[in-house]
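Reviewing the structure listed below.
The values are calculated or read from the model by the stated rules, or taken from the named source; none is laboratory data. It should be emphasised that the depicted structure is a prediction, and the values quoted were computed from it without experimental measurement. In this analysis, Cβ positions are derived from the backbone assuming ideal geometry, glycine residues included, and neighbour counts consider all displayed protein chains.
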Amino acid sequence: MLSNQEIFDRVCNYADEMNQLSFSLDKDPAYRTHDGRACLIGSFIPEPLYYISLERKSVLDLLGFDTLRTDEVVDIGRAMNLFQEIGLIDLNLSIGEFASRGYFLSALQDCHDSACSVEDMYMMLCGFSNDYDLVVNNERVRSFMPCDYRVQSYD
């Protein structure tokens with residue numbers, strides 16, 4: 001399983017490389033779009049493992065945190081296996097560790113899904129790094145960090 005810092009580094013590098021948001025034609029956040037773009041969490045899912053029923057569901061939905069939803073069926077087992085295969089979770093975690101990782105991934109997903117622009121997403125990633133005690137190693141993302149967050153060393 002990847003560490004929080006490893007996930008964050010990959011997400012920041014992906015965001016810098018893509019420099020655009022991933023929204024469907026209906027303007028909904030998308031794990032994968034019709035033209036191949038991916039959201040921050042979707043960037044971990046290789047094409048052969050992607051499946052369309054992931055769309056319109058949050059990380060928390062996919063990991064079974066919200067089992068009371070009645071509007072659609074979520075194949076939680078399939079999603080959990082996918083998330084384990086790509087290194088985002090470990091099915092052997094304790095309940096507390098699993099919940100902690102789920103909320104970490106959900107907050108990371110929100111940095112993309114709640115963003116109005118790429119710049120907004122970069123600023124949200126900087127705030128996220130502060131909330132989770134992570135180092136922003138990507139220069140473009142770091143450039144959006146408020147000065148008071150820059151007190152730690154990035155070397």
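Of all the criteria given as (1) at pLDDT below 90; (2) among the aliphatic types (A, V, I, L, M); (3) surrounded by 14 or more Cβ atoms within 10 Å (Cβ to Cβ), the one not satisfied by A15 is (1).
If we keep just the residues of segment 23-32 that are within 13 Å of D113 (Cβ to Cβ) and without any contact (Cβ under 8 Å) to a residue 24 or more places away in the chain, which is surrounded by the most Cβ atoms within 10 Å (Cβ to Cβ)? I'd like the intermediate steps shown before the answer.
Of segment 23-32, the ones within 13 Å of D113 (Cβ to Cβ) are 23-24, 27-31.
Narrowing further to those that are without any contact (Cβ under 8 Å) to a residue 24 or more places away in the chain: 23, 27.
Details: F23: 16, K27: 7.
Ranking the candidates gives F23 first.
Tell me which residues, restricted to segment 107-133, are touching a residue at least 40 places away in the same chain (Cβ under 8 Å) and surrounded by fewer than 18 Cβ atoms within 10 Å (Cβ to Cβ). Within segment 107-133, S117, V118, Y132 qualify.
Confirm whether S22 is within 23 Å of D131 (Cβ to Cβ), in contact with a Pro (Cβ under 8 Å, 6 or more places away or on another chain) and modelled with pLDDT under 95.
On the way: within 23 Å of D131 (Cβ to Cβ): yes; in contact with a Pro (Cβ under 8 Å, 6 or more places away or on another chain): yes; modelled with pLDDT under 95: yes.
Against the criterion (within 23 Å of D131 (Cβ to Cβ), in contact with a Pro (Cβ under 8 Å, 6 or more places away or on another chain) and modelled with pLDDT under 95), S22 qualifies.
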